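Data first, discussion second: the structure below is written as structure tokens.
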Amino acid sequence: MEFKFVEKKKGVVEIEFDEKEIPICLASTLVRNGVDAYWYEPHPLIPGIRLHVKAGDAMKEFKSAVKDLNDEWSGFKKLVEGKSK
């Protein structure tokens, strides 16, 4: 997985990913936390999926969502490992 920051301001962060799964999960996590966020494909012929985050401190919200998503997946991993023994 690769990503790059397309825009970085205090109130807006936009990140482009080469895969869909991560930005979709991050957008869901951000929205669940009350942050204005969405993912989109800028152009059907150009690869790349973008995550747009708008908040008072968008980078802080993005980092928090990454941590939350990591925690969720770690918990899911432990659950699967426990049930598959």
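The values are calculated or read from the model by the stated rules, or taken from the named source; none is laboratory data. These figures come from a predicted structure and were not determined experimentally. Glycine gets a Cβ as well: all are built from the backbone with ideal geometry, and neighbour counts include every protein chain shown.
Quick notes
- Scanning the range 1-59 for residues that are of a type in the set (A, V, I, L, M) and in a loop (DSSP other than H, G, I, E, B) yields MET1, VAL35, LEU45, ILE46, ALA55.
- Subset tally (residues that are assigned to a helix (DSSP H, G or I) and either within 17 Å of the chain's Cα centre (by Cα) or of a type in the set (Ser, Thr, Tyr) (or both)) for the range 65-84: 10
- Filter pass, VAL31 being modelled with pLDDT under 95, exposed (fewer than 14 other Cβ atoms within 10 Å of the Cβ) and of a type in the set (A, V, I, L, M, F, W, C): no
- Figure legend. Inter-residue proximity from the range 41-55: first residues at negative phi, second residues among the β-branched types (Val, Ile, Thr) and part of a loop (DSSP other than H, G, I, E, B), beta-carbon distance below 8 Å, spacing 6+ or different chains. Indicated pairs: VAL53/VAL35; LYS54/VAL35; ALA55/VAL35.
- Of all residues making up the range 35-85, the number that are at pLDDT 95 or above and more than 22 Å from PHE5 (Cα to Cα): 0
- Of all the listed residues (GLU61, GLU19), the sole one being more than 9 Å from the chain's Cα centre (by Cα), under 15 Å from LYS9 (Cα atoms), surrounded by 12 or more Cβ atoms within 10 Å (Cβ to Cβ) and of a type in the set (Asp, Glu) is GLU61.
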